[in-house]
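Right, one structure below, let's go through it.
The values are calculated or read from the model by the stated rules, or taken from the named source; none is laboratory data. Treat the numbers as computed from the prediction; the structure is a model and nothing was measured. For neighbour counting, all protein chains shown are included, and Cβ atoms are generated from backbone atoms with ideal geometry for every residue, glycine included. Just so you know, the surface numbers come from the protein's heavy atoms only, side chains and all, with ligands and any DNA or RNA stripped out. Shrake-Rupley method; radii C 1.70, N 1.55, O 1.52, S 1.80 Å.
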Amino acid sequence: MNKGLFITFEGGDACGKSTQVKLFKEYANLHPLKDKFIFIREPGGTVLGEEIRKLVLNYTLDAPVPKAELMLFLASRAQICEKVIVPALKEGKIVIADRFYDSTIAYQGMARGIMSPEEILNLNRSILGNITPDLTFYLKLGAEDARARKLKMLNNAGQELDRMEMEEMAEIDFHQKVCDGYDYIANLESERFHIIDARKSIEEIQQEIKQTFEKKLIQK
Ligand code: TMP
C-alpha cells in the first residue's frame, strides 16, 4: 500500500529540530523530486489539527487535563493520517512530518506518565493502524544541554513559552524523561531510527540528514 516515503523529525525541546526541518524544506524545494514532497507538522497540519494545536498548546482558560491532552494529540493525528498522510503515501509522495507518535511516547508516556509508553504505542496503533515512518531523524540532546538551551532561549527578548513548555520548565527532570522516552522507542523500532548528536553544528547535522535521506531514496 505504501508506495511513498514517510520521514519524521523528532527530538526534545531546543534540539534544533525546527531549524533542520526548515533547512530540509529549502533543500526539497530545489530537489529534482520537489513536486513529490509534502511537509506537515504535529499537532496541526490540517484545519482541524491547527485548531487542536491552539487548544493543546495555548488554551489556558481551561487547560486540558492530562488525559484530554493525550486525546487531543491523537485526534489531530487521526485527522492528518486519514486526510493527508495515507492518501499521499498511496500516491507515492514523500511525506515529511515534524513530529509523529514518538513524541507522544516521549512526552505523554514517559515524561508526563499519563499512560505507559507501551500503552501509548498500543493506543496509537489501535486508532491509526500500522502507519510507521520509514525513517526517523532523532536529534538527540542530553537533558542538561536541553534545559540549558531552553533557559537561554527564555532569556532572549521576545521568546515566549507555550503552556506545555512552561509546565516542562517547572519540572526539573522533565527533559530527562523525554530523553528516556525517545530512547525507549528508538531501541524498540531501531531499524527506522537515525540518531543524530544534536550538539553538532547546524551545517554538520544538515549534511547528515541530506546524505541519509538520499540513501533512503535509493533503497526505496
Ligand atoms: P513543536 O514545538 O516541535 O512544534 O512541538 C509542540 C509541542 O507539542 C512540544 O512541546 C511537544 C508537544 N507534543 C506532545 O507533547 N505530544 C505529541 O504527540 C506531539 C506531536 C507534540
For this session: Give, rounded to the nearest 20 debye, the magnitude of the charge dipole that the range 1-80 has about its Cα centre when Lys and Arg contribute +1 at Cβ and Asp and Glu contribute -1 at Cβ.
Result: 300 debye
Problem set entry | Nearest-10 value in Å² for the accessible area of Met166, using the 1.4 Å probe | 110 Å²
Seminar exercise, completed: Placing each pseudo-label 7 Å from Cα in the direction of the beta carbon, Glu214 and Glu118 end up separated by a distance in nanometres of 4.3 nm
For this session: Name the residues whose placed amide hydrogens come within less than 5 Å of the amide hydrogen of Phe39, ignoring near sequence neighbours (fewer than 5 apart) on the same chain.
Result: Ile96
Exercise. Rounded if a/c is under 1.5, else prolate if a/b is larger than b/c, else oblate: which is the range 91-210, with a ≥ b ≥ c the root eigenvalues of its Cα gyration tensor?
Worked result: oblate
Seminar exercise, completed: Partner aspartates and glutamates whose C-alpha sits under 20 Å from that of Lys3, ignoring same-chain residues fewer than 8 away, are Asp35, Glu82, Glu91, Asp134, Glu191, Glu214
Exercise. Where the centre of each part is set by its Cα atoms, how far does the range 161-204 sit from the range 1-73, in angstrom?
Worked result: 15 Å
Seminar exercise, completed: Cross-link reach from Lys177 to lysines, straight Cα distance under 27 Å and at least 8 residues apart if same chain, gives Lys17, Lys22, Lys54, Lys67, Lys140, Lys150, Lys152, Lys200
For this session: Pairs of Cα atoms under 8 Å, at least six residues apart: use those to get the relative contact order of the range 96-184, whole percent.
Result: 45 percent
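Mind checking the full-extension length gain between Asn155 and Glu167? Use 0.36 nm per residue of separation minus the Cα-Cα distance, one decimal, nm.
Details: separation 12, 0.36 × 12 = 4.32 nm, distance 1.69 nm.
Length gained between Asn155 and Glu167: 2.6 nm.
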Problem set entry | Listed peptides 174-184, 33-43, 197-207, 7-17 by packing density, highest first (mean Cβ within 10 Å) | 7-17, 174-184, 33-43, 197-207
For this session: Compute the length gained on full extension between Asn58 and Leu33: take 0.36 nm times their separation in residues and subtract their Cα-Cα distance, giving the result in nm to one decimal.
Result: 5.4 nm
